[in-house]
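S.K.: The structure under discussion is supplied below as structure tokens; questions concerning it will follow.
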Amino acid sequence: MSAAPVSDRRAVWRDLAERRLPEAARSRPDWPVRLDHCFARILLDHACGGPWRDHVRPPAHANMPADRLEAAIALGERVLAGEADLAALNRRSLAWRGKLRVAPPPTTLEGDGFRLRRWKPDDETAFAALNADPEVMAYCPAPFPEDVSRAQARFLDGSFAENGFGPWAVEWTGRFVGFVGAARLRHPLPLPGGRERDSPVELMWRLARDAWGQGLATRGARLALADVSTRCGVGAVIAFTAEGNRRSRKVMERLGMSFSGTFDHPAVPVGPLKAHVLYRLDLPA
Ligand SMILES: CC(C)(COP(=O)(O)OP(=O)(O)OC[C@H]1O[C@@H](n2cnc3c(N)ncnc32)[C@H](O)[C@@H]1OP(=O)(O)O)[C@@H](O)C(=O)NCCC(=O)NCCS
């Protein structure tokens, strides 16, 4: 952080947001905004991790705490240097404010030897089979009966209509083998932000036993992450699982997610599956 008096840094901030960025915008037709207050919104929202007025009373140039002001200045300098993607930053800021018009999801995301696609009614039979497999469901309280499995398939696909993104059906060797993708938390959970209306975005996966060991969860999650980040402006994701679920934890670690604590899952009965590990990943702008 700069050692300059905070009043100097406030002047630097104003010059950046009110003069340098709008001037630079004249030769950047690709930038999505041109006005000083739009640059300020984008940079300050990122410095605060959400709409800045939720954290600091206006005017921001007078009231922003020094560390957040420095973060906003640093990000603005990266934008000017072409090191941060202003369009992605803008989408994320608008998403935080509930103002992002999200493009409809693509029909498929193509991987190497597999694809992610929207769910089809036919998937429900194969989904019920994998949800009835005790090995696949070893870290859930119990395998799912068929009616619960069918309802979950519809719920997972319904997430696309509700949020613009959701867990994709995975197609490998020409057949449905499970799901991977992102969704908003369905129920409140005792984790940071887990009880808020605008709940965290959770990464999730479940594959049929014969599709393990192919990298489908990791590679599919990377495709899904790129989509939610660039198209939907999602800035961070979490993932969680029962503490002993080594395979799922390895997927999180391969994705570069950081361990960020444990919690007892309220819907899991007391026993070896109750303690859950939480991982988090900030997505690059
Ligand atoms: C969690 C789960 C999806 C992990 O499946 P997985 O196959 O182990 O994980 P990935 O798809 O990322 O595959 C990684 C494995 O594929 C191998 N692999 C093969 N080709 C690969 C490729 N092209 N790219 C990356 N990895 C590849 C990796 O070496 C790794 O092997 P390893 O198991 O010997 O370490 C699976 O175990 C599962 O569905 N479990 C039940 C559901 C569940 O627990 N979900 C989470 C609960 S909340």
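No value in this document is a laboratory result; all are computed from the given coordinates. Bear in mind that the values here come from a model prediction, so they are computed numbers and not experimental data. All Cβ positions, glycine included, derive from the backbone under ideal geometry; neighbour counts span all protein chains shown.
S.K.: Hey, what angle do you get for helix 146-163 against the long axis of the chain, alpha-carbon based, 0 to 90 degrees rounded to 10?
M.R.: Taking Cα atoms only, the helix is inclined about 20 degrees.
S.K.: Quick check on the chain: take the gyration tensor over C-alpha atoms, sort the square-rooted eigenvalues as a ≥ b ≥ c, and tell me if it's rounded (a/c under 1.5), prolate or oblate.
M.R.: Details: a/c = 2.62, a/b = 1.92, b/c = 1.36.
Since a/c reaches 1.5 and a/b is larger than b/c, the shape of the chain is classed as prolate.
S.K.: I need the shape label for segment 142-285. Rule: rounded when a/c is under 1.5, else prolate if a/b > b/c, else oblate, with a, b, c from the alpha carbon gyration tensor. Let's see the in-between values first.
M.R.: Numbers: a/c = 1.22, a/b = 1.05, b/c = 1.16.
Since a/c stays below 1.5, the shape of segment 142-285 is classed as rounded.
S.K.: Next question, about the same structure. Pairs of Cα atoms under 8 Å, at least six residues apart: use those to get the relative contact order of the chain, whole percent.
M.R.: Working: 420 pairs, mean separation 40.9, N = 285.
Reported relative contact order: 14 percent.
S.K.: Please list, ordered by chain and number, the residues whose modelled amide H lies under 5 Å from the amide H of G111; skip anything fewer than 5 residues away on the same chain.
M.R.: Amide H neighbours of G111, under 5 Å, 5+ apart: L116.
S.K.: Taking the Cα centre of the chain as the origin and placing charges on Cβ (Lys, Arg +1; Asp, Glu -1), which of G111, P58, N131 is farthest toward the positive end of the dipole?
M.R.: Of G111, P58, N131, it is P58.
S.K.: Most fluctuating residue of N163, N63, N131 in a GNM of the chain with Cα springs under 10 Å: which is it?
M.R.: Fluctuation is largest for N63.
S.K.: Hey, how many Å between the Cα centroid of segment 249-267 and the Cα centroid of segment 1-46?
M.R.: Cα centroid to Cα centroid, the span is 36 Å.
S.K.: Let me know the shape class of segment 6-96, please: from the alpha-carbon gyration tensor, a ≥ b ≥ c as square roots of the eigenvalues, rounded when a/c is under 1.5, otherwise prolate if a/b is greater than b/c, or oblate. Show your work: numbers first, answer last.
M.R.: Working: a/c = 1.81, a/b = 1.27, b/c = 1.42.
Oblate shape, in that a/c is at least 1.5 and b/c is the bigger or equal ratio.
S.K.: Right, here's the next one. Taking amide H atoms as placed 1.01 Å from N in the peptide plane, list the residues 5 or more away in sequence, or in a different chain, whose amide H sits under 5 Å from that of E202.
M.R.: Distant-sequence amide H within range of E202: A183, R184, L185, I238.
S.K.: If you find the alpha carbon centre of segment 138-193 and of segment 205-219, how far apart are they in angstrom?
M.R.: So the separation of the two Cα centres works out to 15 Å.
S.K.: Now a separate question. Only helical DSSP H runs with n ≥ 4 go in: add -39500 (n - 2.57) per run for the chain, normalise by residue count and round the 222 nm mean residue ellipticity to 500 deg cm²/dmol.
M.R.: Values: 10 runs with 109 residues, N = 285.
Calculated at 222 nm, the ellipticity per residue is -11500 deg cm²/dmol.
S.K.: Using a basic spin-label model with each label point 7 Å from the Cα along Cα→Cβ, how many nm lie between R78 and S7?
M.R.: If labels sit at R78 and S7, their model points lie 3.1 nm apart.
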